[in-house]
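Worksheet: one structure, shown below.
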Amino acid sequence: MDELHLLHRVNADKITSLVTQVGDRWDTQTSYADWTVRDLLNHLTAEQLWAPELLAGRSVAEIGNRFNGDVLGDEPLAAWRLAVEAALAAFAEPGALERSVHFGDKTLTADQYLDQMVTDLALHSWDLATAIDADADIDPATVDRLLVEWTGRAEESLRGPMFTGPDEPPAPIDVSDEEEAQTRLLALFGRRA
């Protein structure tokens, strides 16, 4: 299994574990974009739903508004599990990472897209965990990879097609190079550990 596939699985599993701990806290505010826990999971689930469609060569225009609004229904955990398993399977198809993915006027390679998916899952696992007072540690291998990938370009890249949410994404926070790796990664994306 390729490293990115593995990190997709690891970070998806972290979200699944956190969702099983939500209980009755669906309306709890997260620290991200004034989203509730449910809003955040809805975003993550919709992102996973897009993956099989985009990897099959469909454009954003062709997909349309199919994944707008509430994609969780009455069973958020079940909706999440179905969506993430479909996304994992789509990325694992032979040759999937050699494809191109079209976001309107921007085209990414499928491995760039998967890298952004892993980033989204990792950061939002922290957002979700802190909202429900759960273990907020991000997988160390993910932290190491994302620090290398995003250092020096996170603010510009946050305005890309994958990172939806607030109109103005949080600006990076200056932290010492002596801080722990996860703290530095979170700071790149405007989160204070």
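Residues are listed down the side, and each one gets a yes or a no for (1) out of contact with any strand residue (DSSP E or B) (no Cβ under 9 Å at 6 or more places or on another chain); (2) among the charged types (D, E, K, R):
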| residue | (1), (2) |
| --- | --- |
| 5 | yes, no |
| 19 | yes, no |
| 27 | no, yes |
| 48 | yes, no |
| 64 | yes, no |
| 74 | yes, yes |
| 93 | yes, yes |
Members of the range 1-15 that are surrounded by 14 or more Cβ atoms within 10 Å (Cβ to Cβ) and not aliphatic (A, V, I, L, M): 5, 8, 9, 11, 13, 14
Set 112, 29: member being open to solvent by 20 Å² or more (accessible area, probe 1.4 Å), touching a residue at least 40 places away in the same chain (Cβ under 8 Å) and not acidic (Asp, Glu): 29
Given (1) of a type in the set (S, T, N, Q); (2) modelled with pLDDT under 95; (3) in contact with an Asp or Glu (Cβ under 7 Å, 6 or more places away or on another chain), index of the condition residue 112 fails: (3)
The lone exception for residue 99 - which of (1) of a type in the set (D, E, K, R); (2) closer than 24 Å to residue 135 by Cα; (3) surrounded by 13 or more Cβ atoms within 10 Å (Cβ to Cβ) it fails: (2)
Residues within the range 56-81 that are touching a residue at least 40 places away in the same chain (Cβ under 8 Å) and not charged (D, E, K, R), tallied: 7
Selected residue (criterion: farthest from residue 11 (Cα to Cα)) from residues of the range 129-155 that are surrounded by 12 or more Cβ atoms within 10 Å (Cβ to Cβ) and β-branched (Val, Ile, Thr): 151
Condition met for residue 87 (assigned to a helix (DSSP H, G or I), in contact with a Pro (Cβ under 8 Å, 6 or more places away or on another chain) and surrounded by 15 or more Cβ atoms within 10 Å (Cβ to Cβ)): yes
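The values are calculated or read from the model by the stated rules, or taken from the named source; none is laboratory data. Predicted model, so just to flag it, every value in this text is computed and none were measured. Here Cβ is always computed from backbone atoms with ideal geometry, including for glycine, and neighbour counts include all displayed protein chains. Ligands, DNA and RNA are excluded from the accessible area calculation, which covers all protein heavy atoms including side chains. Shrake-Rupley method; radii C 1.70, N 1.55, O 1.52, S 1.80 Å.
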